[in-house]
Each structure stands twice: as C-alpha cells, then as structure tokens.
1. Counting only residues that are in contact with a strand residue (DSSP E or B) (Cβ under 7 Å, 6 or more places away or on another chain), over 20 Å from residue 240 (Cα atoms) and not in a strand (DSSP E or B), how many does the stretch 157-185 have?
2. Within the stretch 140-147, does at least one residue satisfy the condition of being open to solvent by 20 Å² or more (accessible area, probe 1.4 Å), at pLDDT 95 or above, out of contact with any Phe, Trp or Tyr (no Cβ under 9 Å at 6 or more places or on another chain) and in a helix (DSSP H, G or I)?
3. Cβ contacts < 6 Å: first residue under 17 Å from residue 53 (Cα atoms), restricted to the stretch 1-19; second residue open to solvent by 10 Å² or more (accessible area, probe 1.4 Å) and in a strand (DSSP E or B), any location; separation 6+ or different chain. Result?
4. Can you run down the residue pairs with Cβ atoms below 8 Å, 6 or more apart or on separate chains, where the first is in the stretch 277-293 and of a type in the set (Ser, Thr, Tyr) and the partner is open to solvent by less than 10 Å² (accessible area, probe 1.4 Å)?
5. Restricting to the stretch 30-57, name every residue that is of a type in the set (Ser, Thr, Tyr) and in contact with a helix residue (DSSP H, G or I) (Cβ under 6 Å, 6 or more places away or on another chain).
6. Quick one: in the stretch 189-205, which of the residues that are open to solvent by less than 30 Å² (accessible area, probe 1.4 Å) and in contact with a strand residue (DSSP E or B) (Cβ under 6 Å, 6 or more places away or on another chain) is nearest to residue 146 (Cα to Cα)?
7. Report whether or not residue 285 is over 19 Å from the mean Cα position of the chain (by Cα) and either within 30 Å of residue 160 (Cβ to Cβ) or part of a helix (DSSP H, G or I) (or both).
8. Hey, does the stretch 216-232 have a residue that's among the charged types (D, E, K, R), in contact with a Ser or Thr (Cβ under 6 Å, 6 or more places away or on another chain) and surrounded by fewer than 21 Cβ atoms within 10 Å (Cβ to Cβ)?
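The values are calculated or read from the model by the stated rules, or taken from the named source; none is laboratory data. None of these values were measured; they are calculated from a predicted model. Here the Cβ is made from the backbone with ideal geometry for all residues, glycine too, and neighbour counts use every protein chain on show. What goes into the accessible areas is simple: the full protein's heavy atoms, side chains included, and nothing from ligands, DNA or RNA. Shrake-Rupley method; radii C 1.70, N 1.55, O 1.52, S 1.80 Å.
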Amino acid sequence: MKQVIVVGAGNWGQNLIQNFYALEALAGIAEINPDLRSKAQARYPDVVIYADLQQALASDIPAIVFATPAPTHYQFAMAALEAGKDVFIEKPMTLQTEEARKLAEYADKHSQILMVGHLLLYQPAITWMRDYLASGKAGKVLHVATQRAKLGKVRQEENVWWSFAPHDVSIVLDLLGNPQVERVQAHGQAMLQPKIEDNVHADIRFQGGQTAHLHTSWYWPLLQRSTTVITERQMLVYDEIAQQVTVYDKGVDEQLNNRDQGSSVVDIAASEPLKIECQHFLQCLQTRETPRSDGWNGVAVVEILEKAQEALHG
C-alpha cells in the first residue's frame, strides 16, 4: 500500500525515496527544486511529483516523510500534523527544545504518529547492545562514551556538535533507557571559523548518577566512530566502522583489584539500518504503535543538544 510522500529529493532524501519505493510504500515526492523534480520524475515515472509541500498536504496520502534542512523541520512538521498526517522527520527533530515539545504534544493530543529519523538506533549492533544491557547480565550501566571524528565536511551554518552529535545523543539515551538529564557541560575549539566549533567534548549527568562523554570532531586525522559502555561487571565496545561489538569481561572488584577474564566478539548479522527504519515507520502506521524513536525521544535529544550549545557559548 502506497502510504507516504517524501518531501525533499536531495542527497539523503533520495535514500529515503529509494527505500520507501522498494517497500512499495512511496505514493509521491515533493521537491521545490525543478532540476531535482525532473530527475525524480525520470527515475520514478509511476510516482506522483509535487512542486511544493502544500500540494502534498492537500493529497489524501496519510503520511509525510521530511528530508529537508533542519531549520524547516518545525514549520513543515507542524503543517503536516495540522493537516492530519502522520510524520517521519529526519534528525535533529528541531533546533529548539520548545518547538520539539510542541510537535510531540500535538501528535500525542491527536493520536498521530511522529517519528524522528535517528538512523543509528536501527543498527542491529545498537539494538543488540540495548537488549543485552536491559537483560541485566552486565549489571548496572555506569558510563557511556562515544566518539565520532574524522576529517570531514566543514559547515558554515552549524558547528560539528549539531552536525555529528544527534547520532550519539540518541544512542546514549537509548542504551541508558531514556533517563532524565541532570546536567550538561561542554567545551570546544573553533579553529577554522569564529564561534563554529570544529571539535567538541560534552559531559552529561543523568538523574540516578549515570554519566556520558561525547566527542565530536570534523577536524581530526583519523576516522573514529565508536561507543564504549562501562557497567558494573563488563565493558562493551561497538566499533561502528567494523560493525563489531566486543564484550570485555573485565573490571574492578570491591577491593579495587583489576579483574580480566577475557573478551568475546558478538556475531551480529549484517543488515540495512535505513531499510529497517523505514519498515518500522510503516509498521507504526499500520499498528499505531509508538515508534522507537518517537517525538518525545526527539525532544530529549534536542534538549541535550541545546544545553550543550548554551554551555559552549554561555
């Protein structure tokens, strides 16, 4: 059943279009750029092409998928919700916590699906880690550390924190079971442009005492993408580049002595996280279940992003 219109046919929008089309759910594409619109029409001749969002909202298609620039997210998503549509919106949900909260509240009040595109939550490795930690086998989670660094594309309209950190903030919240934030601290270096940080370290403390440290950089010599989880009994390391999770059965005992009983690599089947994410959205449309990355998850992510930004420039 063709249930969605994708708004935005740029680089990432094309990936969403391709996946929803392969899942036989793509009813239309909305794009204001005439060149991108022509390319979309040529590639998908059996799909309705809309010249703008208003045309898409006037259709009888029940769900809208947004792959548009972040500053448009609040206005576009609210317009879609007010038109009675279910919504999938790429991360970050909005650029302000209050706007994100308004979207989540509206969706809840009107029983609409609101899902945020936090792609890494649909990586099988992250799903495995979340389920493993929730089982209690590793004991209480004490600390999560993430690193997302490379010599990457430097932007002028946002710093590396807003560009890279939404991925890792969503992972930290997911692995910890979405705890309440107590404090966010951050510092960074703007080496290339004034007030646009190229390298950021952020520390988060949650109610209950759990902590997290996030490092993001697009001015870094090595490609490093990893998540490390420190628990009472074990340590888990997810190497995102190798797509591998290693469980280290090591730690420090009550007498403060080191304990090391080896490690094991988890066998995780390869898959396509974007396909899984798109399938999950379609499932939520059908069953009306709450998405794993729902609007309130999006609110929590934006709140941490915004608090860290305030700390950087406060």
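1. The total comes to 3.
2. Looking for residues that are open to solvent by 20 Å² or more (accessible area, probe 1.4 Å), at pLDDT 95 or above, out of contact with any Phe, Trp or Tyr (no Cβ under 9 Å at 6 or more places or on another chain) and in a helix (DSSP H, G or I), one finds none in the stretch 140-147, hence no.
3. Pairs that qualify, where the first residue is under 17 Å from residue 53 (Cα atoms) and the partner is open to solvent by 10 Å² or more (accessible area, probe 1.4 Å) and in a strand (DSSP E or B), are 5/27.
4. 290/284; 293/115; 293/116; 293/117; 293/118; 293/121; 293/170
5. 50
6. Among those residues, the one meeting the criterion is 202.
7. Yes, satisfied.
8. Looking for residues that are among the charged types (D, E, K, R), in contact with a Ser or Thr (Cβ under 6 Å, 6 or more places away or on another chain) and surrounded by fewer than 21 Cβ atoms within 10 Å (Cβ to Cβ), one finds none in the stretch 216-232, hence no.
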